[in-house]
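Q: My structure is below; once you've seen it, I'll send some questions.
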Amino acid sequence: METTLPPELIVDILSRLPVKSLCRFRCVSKSLFNLINDPRFVKLHLKRTRRQRLFIAAKFVYTVDLETVTYECDKLVAMEIDSLFWKSVNIDSPCWKPNHYHRQSPKWIQVIGSSNGLLCIEIFQYLFLYNPSTKQCKQIPDFPSKHTKLCGFGYAETIDDYKFVKIDFSGKHVQIYSLRNDSWTNIQIDLHFNDTGYAEGILINGAIHWVVDDLEDQSKILAFNLVEEKFQTLPSPDVMKENDGMYSLGRLRGCLCLSREGNIHVSEFWVMKEYGVKGSWTRILISDMFYWLKPLCSLNTCDTILLLMNMHQLVFCNPKEGKFKNIEVDGIPDEVDDIDDADWLDVNMYVESLVSPYNKRDFKTEVLEYWFPIEEL
Amino acid sequence: MSSSIASSSSSSSSSSKKEKKISLKTSDGEVFEVEEPVAMQLEIVRSFFADNEDVTEQTVMPLPNVSTAAMHGILEYCRAHEEFRRRMPEAAPEEEVRAFEAGYVDRKSNEELKEMILAANYLNISKLLDFLTGVAAKRIENKSVEYVRAFFGVENDFTPEEEANLRREYEWAFEGVDED
């Protein structure tokens, strides 16, 4: 006689699978179909797997699997994201040339944020939520793209919602899109800061973070809480007070990072190890100079962080052991027609997930009770 | 054997001689005499002895949901891990553990694997259960829909049209699937 596993053990096994397998196994039976779509299963799977990937935008878009990548690897392999993406964003062909990077003029494709496997992408003034793992894509309606100064995207756990936020150049209007409500709201504020250009915010702890300059030209870290929809400033490391200049934020192992950028070359960045605690800002030294830095992720396999340097170079770095090396990406053809664009890569980390960019679903309760006899989430 | 030097020291030889055994009886009536530290990895056994003051060394604990075959597999795993722990109490020798685990599951059929998952779940050995469900996931991750139906013993209750529609919707997910 065949051994049959009880539902909770089937759930356990399925929650460890890659998203591609789960998309296939929706066809197994109606109960598996419903389970794989169940928001509780989606959350369990997300918590379990944390398979990291890169989303790379150059002239085309690519994905890189980091699951088995270690410091010893010499190159990463990029796969072009197929025509399904273009079909779902309803754009015929990605034949535009990326603009040369400039803070005031965004590239043709702009990843605004990545959260739980959902990417928020602006393509020619249209805004999309895209899950590269399930290939589901949704255009956010009525996107008021003009005059954006600060924007950001992320998940707010306590209200189980994804929000996109934009602040206009005057610093007086905040527009917020909620995926749960599939609608926009406006709030009036009175933020006073100098114009430092366009910036994508960094999501940490359910808040989006930017560096802004106040009216005395002092750089500040501004946080917008997605649940309360309120602003506050965070303590910054002393380096920010001592040195003028431009700063950018990043995210590494769930912590906020800060690096200097611009004309000077530096070899350090800062990590706020404990959220909101000034004394926890820690300096990380790396063994090369850079003028622009974006931390991407730390590898699951070893104590190595992956950074994007100077807007085009991926590097592996192990600050503890002082190890550092450049890493090439296979599969992205060089731009030959325009020298200026050759060195441009927009890279973002995302995790494989089943999270849907669509907001409304209805489930039959009896199916849920069958799979989740005990409330475990 | 490298243990000859260690066993000549007085304290360890005396404790190993007196090593306590625990008797566990499987569903088909076989009684296993299991070294205490190994048996205590089975949470159900540990709490049985912790919660019942009137049990003695002669008590035979019945495990009606565990077959003899599954018990052999479970004890092989727990004994190996106890051995790793005894040799290196601070940190398990990771490569050795991985090599043991890989060889250990290669020998198991899908049926045996599922039986052991059920047993590990019943005996409440979270580490082993975690390991085995991970192995099961690896086994099915690149397989066909039909293979997974057979693995879980699930009936296909879609109409042919419904299934064809779903397959079309996720066509890309059917590329590069292993043969059954």
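The values are calculated or read from the model by the stated rules, or taken from the named source; none is laboratory data. Nothing here was measured: the structure is a model prediction, and the numbers come from that model. In this analysis, Cβ positions are derived from the backbone assuming ideal geometry, glycine residues included, and neighbour counts consider all displayed protein chains. Surface areas here come from the heavy atoms of the whole protein model, side chains and all, with no ligands, DNA or RNA. Shrake-Rupley method; radii C 1.70, N 1.55, O 1.52, S 1.80 Å.
Q: Please find the FRET efficiency linking residue A:268 to residue A:205, where r is the Cβ-Cβ separation and R0 is fixed at 25 Å, and quote it to the nearest 0.05.
A: The calculated FRET efficiency here is 0.55.
Q: What is the average number of partner chain Cβ atoms found within 10 Å of a Cβ in B:110-119?
A: 3
Q: For the protein assembly as shown, what is the convex hull volume of the alpha-carbon atoms per residue, in Å³?
A: 207
Q: Can you give me the % of accessible surface on segment A:1-44 that is carbon or sulfur? Probe 1.4 Å, all protein chains present, nothing else counted.
A: 59
Q: Additional query: In what sequence, highest mean first, do A:33-46, B:157-170 appear when ranked by Cβ atoms within 10 angstrom?
A: The packing order, highest mean first, is A:33-46, B:157-170.
Q: Along the Cα→Cβ direction, 7 angstrom out, place labels at residue A:48 and residue A:157. What is the inter-label distance in nm?
A: 1.9
Q: Among A:118-127, B:138-147, what's the highest-first ranking by average C-beta atoms within 10 angstrom per residue?
A: A:118-127, B:138-147
Q: Pairs on different chains or at least eight residues apart, Cα atoms closer than 29 Å: how many lysine pairs in chain B fit?
A: Within chain B, the lysine pair count is 18.
Q: Another one. For an R0 of 30 angstrom, estimate the FRET efficiency from the Cβ-Cβ distance between residue A:232 and residue A:146 and round to the nearest 0.05.
A: E between residue A:232 and residue A:146, to the nearest 0.05, is 0.65.
Q: Tell me the total accessible area that B and A bury against each other, 1.4 angstrom probe, in square angstrom rounded to 100.
A: 3000
Q: Work out the mean other chain Cβ neighbour count within 10 Å for the residues of B:161-169 and drop it here as an integer.
A: 2
Q: By how many degrees, 0 to 90 and rounded to 10, does the Cα axis of helix B:160-169 deviate from the longest principal axis of chain B?
A: Tilt of helix B:160-169: around 80 degrees.
Q: Sum -39500 (n - 2.57) across every DSSP H segment of at least 4 residues in the protein assembly as shown, then divide by the residue count to get the 222 nm mean residue ellipticity, nearest 500.
A: Mean residue ellipticity at 222 nm (helix-derived): -8000 deg cm²/dmol.
Q: Additional query: Give, as a single signed number, the net charge of other residues whose beta carbon lies under 12 Å from the beta carbon of residue A:220, with Lys and Arg counted +1 and Asp and Glu -1.
A: Its environment carries a net charge of -3.
Q: Report the paramagnetic label zone for residue B:174: residues of segment A:25-60 whose backbone N is under 19 Å from a point 7 Å from Cα along the Cα-to-Cβ axis.
A: What the label zone holds, given the 19 Å backbone N cut-off, is A:25-34.
Q: How are the alpha carbon pair distances in segment B:19-141 distributed across 10 Å bins from zero to the largest one, expressed in percent?
A: Final binned percentages: 12, 44, 33, 10, 1.
Q: According to a simple spin-label model (label point 7 Å from Cα along Cα-to-Cβ), what is the distance in nm between residue B:52 and residue A:72?
A: 5.0
Q: Probe of 1.4 angstrom, ligands and nucleic acids ignored: what's the accessible area per residue over the protein assembly as shown, in square angstrom?
A: With all protein chains present, the protein assembly as shown gives 49 Å² per residue.
Q: Given the C-alpha centroids of segment B:109-162 and segment B:24-89, what is the distance between them in whole angstrom?
A: Segment B:109-162 and segment B:24-89 have Cα centres spaced 25 Å from each other.
Q: Keeping the other protein chains in place, figure out the carbon and sulfur percent of the accessible area of segment B:126-180, with a 1.4 Å probe.
A: Carbon with sulfur: 48 percent of the solvent-accessible area.
Q: Say the cut-off is 24 Å between C-alpha atoms; which of A:146/A:278; A:138/A:163; A:47/A:230 go over it?
A: Result: A:146/A:278; A:47/A:230 exceed 24 Å.
Q: Something else now. Set the Förster distance to 60 Å, then compute FRET efficiency between residue A:328 and residue B:155 from the Cβ-Cβ distance, nearest 0.05.
A: Taking R0 as 60 Å, the efficiency between residue A:328 and residue B:155 is 0.75.
Q: Relative to the longest principal axis of the C-alpha atoms of chain B, give the angle of the C-alpha long axis of helix B:68-87, reported between 0 and 90° and rounded to the nearest 10°.
A: On a 0 to 90 degree scale, this one is about 60.
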